[in-house]
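Report on the structure given below.
Quick note: the coordinates plus some simple rules give every number you see, no bench work behind them. Predicted model only: the values in this text are computed from it and were never measured. Every residue, glycine as well, gets a Cβ built from its backbone with ideal geometry; the counts of neighbours run over all protein chains shown.
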Amino acid sequence: MDEANSIPTMDEANSVPTMMEVNQGVEEGFDSNHVPPMTESAPAVVTSQALPGASDQLQPLPSQKKRKPTRQPSEVWNHFEQYQTGNPSEPIRVRCKYCKTADYKYDPATCGTSSLRTHITNLCKKYPYRVPGSNQKVLSFAKDQSGSITALGAAGFNKEESRKACLRMVIIDELPFSFVDGEGFRHFCSVACPRFIPPSRRTLARDLLALYYDEKQLLKAKLAAYRVSLTTDTWTSVQNINYMVLTAHFLDDDWMLHKRVLNFCVIQNHKGRTIGRLIEKCLIDWGIERVLTITLDNASANDKAVSYLQNKMKDWPNGGLLLDGVHLHMRCCAHIVNLIVTDGLKELHNSVKSIRDAVMYVRSSPQRLETFKSCIEKDKIDCKGLVVLDVPTRWNSTYMMLEAALKFKKAFSRLEDEDGHFKSYFGRGNTPPVEEDWANAVVFVKFLKSFYEFTLRCSATLHATAHTTFHDLFAIDCELAELSVVDNPLLSNMAQNMKLKYDKYWGSLDSVNQFLLIAVVLDPRYKLDNLSMHIADLYVENDAYVAEKTTGVRDLLFKLYRLYEAGFVSNPTQSFSSSTTSSSIGSSIVTDSSNSSSFGGDRKKAMKEKWKKRQQEKEAVVLSHEIDRYLSDAAEQDIEQFDILNWWRVNASKYPVLAVIARDVLAIPVSTVASESTFSTGGRTINSFRSSLSPAMVEALICTQNWLKSTSISLQVQPTIEEMEFYETVELEMQRSNASAPMHIFTD
């Protein structure tokens, strides 16, 4: 037999290296190309590519298998290094790169990487990227939504809570959805919390809508228990889209004032009927059936919107409107004051212009500002703020400019002496402020201060304002009347012009929303006597009108009492009718039993019914005179720190029905600033870089932000004068510091 075709023996077959041995040689560092030669007796493997057309003649061996691809080495090897013990006969070993103490045998054929991975993730204390276990917690201070520390507790990583916190950060801080895709934020998360995987912008948008609908259902259930007052306003975005915001105001059972943005929706136009229909649609969507007032700006379109709502809502169930909505419309007091002051300051005095130009010069360049600061230091003026430039179309900014400039009067005089360019800046016919200009500025500041402070008070949203508005209006009216007859012609002319505009809106008490008068009566410091006294001061020679108006306010309070009593007491009307029925039944029993020989038991029953009727009538009299008891009780001391909401919370059990009335009336907002401030958020949300947001997404962002922030809502987002000065100081210190010096971290 030919040796080439002979079958190999068992020993010869075993001498052929196996695939495992070849791979082992590769892993141990041998050359994979250098394989021991096969014996001549070994069968040669012939492929189909050996000869052309061989596929038609040769078939592959049945036992031949395709070689598996080589597995990629584990990442755990990046954290270990090989070393030789010094004895060539001993195998190669590996040790941890970080702690240098963990030592393991290096044998990829028999040893896996599980022990190495366990060391890195759980045992190595010097591994820089080690993450605590899922059950491991750390001590930390728990904080509420405002950032105040509440308690010390153990906290651990929670994937869902971390994701919600990320969403809350984007909503509250008005960040774009793309923020979570930013390289810097993702790097920060990988260092601060490697276990947290930031969501994508699409996931964040879906989570936002889910959170919006959940929070809406919670708020919807809460609003169903209260009668709310509304504020609304309209605004046009950079997208040239008209938006309307609707805000609800109410006091809860704990007498905490709440302001919640209900809708931030698109409106087709600013017509009255369109506004009214959209408000109606929003109220129906929220399930709000009881409304006390709606505060709007003084515009004819808003008057038509209120008329539309009065016609539609007066037939709503559960007393949708009180007294058929006669007092539904509350005109924005801040808007009216702005019209009054603007009308009086149409022609500003030259003194204001001179001071404005001086401030503009100081603020025109950093060098001039530094020169002015040196003048302040030389005159030893102790004031942290700086001068601010006004907006000529906004009187409140003019007031703030004059008030700040008066503090630096001496510095401006020194600047005129030390800076030769200061005089030339004013041009021909104009000069820097002189003594007469500063004297006129004092008059302007004193005159505008009352209006400025009133605007701040009536624009507050975190405490009640309805009970103090009438007194503010009374003070403004008296001050305008006094200033109209002063010797200063500049001041008297301005006061006369403002008095004409004031009388147009508030010249008669009949034009003032009567709920503002009820709010004065519900203030335990003043009550009805105080209101009657001020009405008498306004109408000195008209005692009949004073008595008529005082009686009218008292009657209105009794009407409200009867309406609220029906919902507070267990239907007193039915109690009265049932007692009358029982009395008539008792009388019939006495009459029928007069012909009977035994009527003692029936007589006693009739006597009990009569006594029961007397008790019910007495109780009804007490309930109906709860107002008299309140008015006759001693008034509280008129102190500045008096908390009217806390007083009614404590005395709610003493005056149960009046407390419910006070809870609704004191929640009335007297200005639309709460709604207008939402447009500041809208302007930051829909800026030129985020104009692609859909109206539904904009509404979800703005409403959810308002709901999450609750009482921590800030209406002022612009930096204050002190903050601006702080930033300027930091910049100057950084410029003066040596470039090679270490950077200092400035904290507030």
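Applying 1/(1 + (r/R0)^6) with r as the Cβ-Cβ distance of residue 548 and residue 708 and R0 = 41 angstrom yields a FRET efficiency of 0.25. The packing ranking, built from the mean of other Cβ atoms within 10 Å per residue, places the peptides 397-403, 499-505, 259-265 in the order 259-265, 397-403, 499-505, highest first. The packing ranking, built from the mean of other Cβ atoms within 10 Å per residue, places the peptides 482-488, 93-99 in the order 93-99, 482-488, highest first.
So what is the orientation-averaged projected area of segment 77-123, using the convex hull of its C-alpha atoms, in nm²? So the Cα hull casts an average projection of 3.4 nm².
What you get for segment 77-123, charging only the Cβ of Lys and Arg (+1) and of Asp and Glu (-1), is a dipole of about 160 debye around the Cα centre. Basic side chains Lys and Arg get +1 at the Cβ, acidic Asp and Glu get -1 at the Cβ, and with that the dipole of segment 369-472 about its Cα centre reaches some 180 debye.
Scaled against 2.2 N^0.38 Å for its residue count N, the alpha carbon radius of gyration of segment 266-331 is 1.04. Place a label point 7 angstrom from the Cα of residue 633 along the Cα-to-Cβ direction, then list the residues of segment 526-566 whose backbone nitrogen is under 13 Å away. Residues 526-527 fall inside that zone. The protection proxy used here, the mean number of other Cβ atoms lying within 10 Å of each residue, ranks peptides 372-379, 459-466 as follows, highest first: 459-466, 372-379. Taking the inverse of the mean reciprocal distance over all distinct Cα pairs, the Kirkwood hydrodynamic radius of segment 333-448 comes to 14.8 Å.
To the nearest whole percent, what portion of all C-alpha pairs in segment 305-360 is separated by more than 13 angstrom? Every Cα pair in segment 305-360 considered, those over 13 Å come to 72 percent. The phi torsions of segment 219-236, fed into the Karplus equation with coefficients 6.51, -1.76 and 1.60 and a -60° offset, translate into couplings of 5, 4, 5, 6, 5, 5, 8, 10, 8, 10, 10, 10, 10, 8, 7, 10, 7, 10 Hz, rounded to whole numbers, with Gly and Pro shown as x.
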